1. In what sequence do 30, 191, 135 fall when counting other Cβ within 10 Å, fewest first?
2. Net charge around residue 166, counting only other residues with Cβ within less than 12 Å of its Cβ (Lys, Arg = +1; Asp, Glu = -1)?
3. Please work out the FRET efficiency for the pair residue 106 and residue 73, using the Cβ-Cβ distance as r and a Förster radius of 45 Å; give the result to the nearest 0.05.
4. Assuming R0 = 45 Å, can you tell me the calculated FRET efficiency for the pair residue 194 and residue 51, based on Cβ-Cβ distance, to the nearest 0.05?
5. In this model, which of 113/149; 94/153; 82/110; 32/82; 32/63 are farther than 29 Å apart at the alpha-carbon?
6. Restricting to the range 3-169, what percent of DSSP beta bridges are antiparallel, rounded to 5?
Amino acid sequence: MSRALRQLVVTWGALVLPLFVCAHNGEFLLAKMTLRADGTCALRVTVDTEANFNIQDRAQLAKAAEGLFLLSSGKETTTLTKVAGEPTFFAETKLDPAAPLGHTAEEMAKSYKLEVAEWNWTPDSPKFVLRLPELSPHTVVLWLNDETKPAAKPRWVMMIAEDESPLIVAAEPAPSDRTGKIFALVALLALSLLAAFFARRIVAKRLG
């Protein structure tokens with residue numbers, strides 16, 4: 001795909017990718033970014049090892065994962081693995097029905113040799129972007145799965161070397177969660193002060 005043509009879809013897109021990238025298209029890496037209600041994030045990258053030109057097995061996926069994405073929160077840019085830690089790896093045989101590729105019923109029914117790398121982390125800054133490094137050989141379809149907005153259409157972007165995603169904003173923790181944590185800290189502090197008070201009373205009586 002030419003850079004000019006790809007530029008047409010290098011912003012958060014609509015429900016389904018245009019016709020020129022529809023169907024299974026195993027040469028793409030499919031990257032699903034899940035934003036959870038508690039503020040944590042998960043990035044799942046899936047590769048069809050029988051159709052991808054650059055990655056044919058888990059060992060090659062593990063090697064590629066080391067520098068697959070760069071993450072920038074405005075303060076610094078570093079590899080995703082440095083921020084999120086090492087990914088977990090596992091195999092799957094079915095396509096993700098949520099992927100914005102217009103999969104047909106026949107494609108969804110087939111079995112594939114899919115390898116998956118998944119990162120799970122809590123970002124230091126809730127606002128960040130993902131980038132593909134210079135000279136990256138991969139074409140990535142990245143889409144958002146925002147669990148705080150289950151009815152929203154998935155937003156997607158197609159990325160090649162040096163491309164940057166639109167801004168990703170992680171969810172804020174639920175107010176009830178924050179309130180519960182604050183209450184627990186206050187209760188712990190109160191118990192500590194009460195214990196210290198009675199300890200001093202006991203010591204004073206013994207000395208008296």
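1. Going from least to most buried by this count: 135, 191, 30.
2. Surrounding charge for residue 166 is +1.
3. 0.60
4. 0.10
5. 113/149; 82/110
6. If I count the DSSP bridges inside the range 3-169, around 80 percent turn out antiparallel.
Taken together, the values in this text are just the output of simple stated rules run on the coordinates, not laboratory data. Keep in mind that this is a model prediction, so the values were computed, not measured. Using ideal geometry, Cβ is built from the backbone for each residue, glycine included, and neighbour counts are taken over all protein chains shown.
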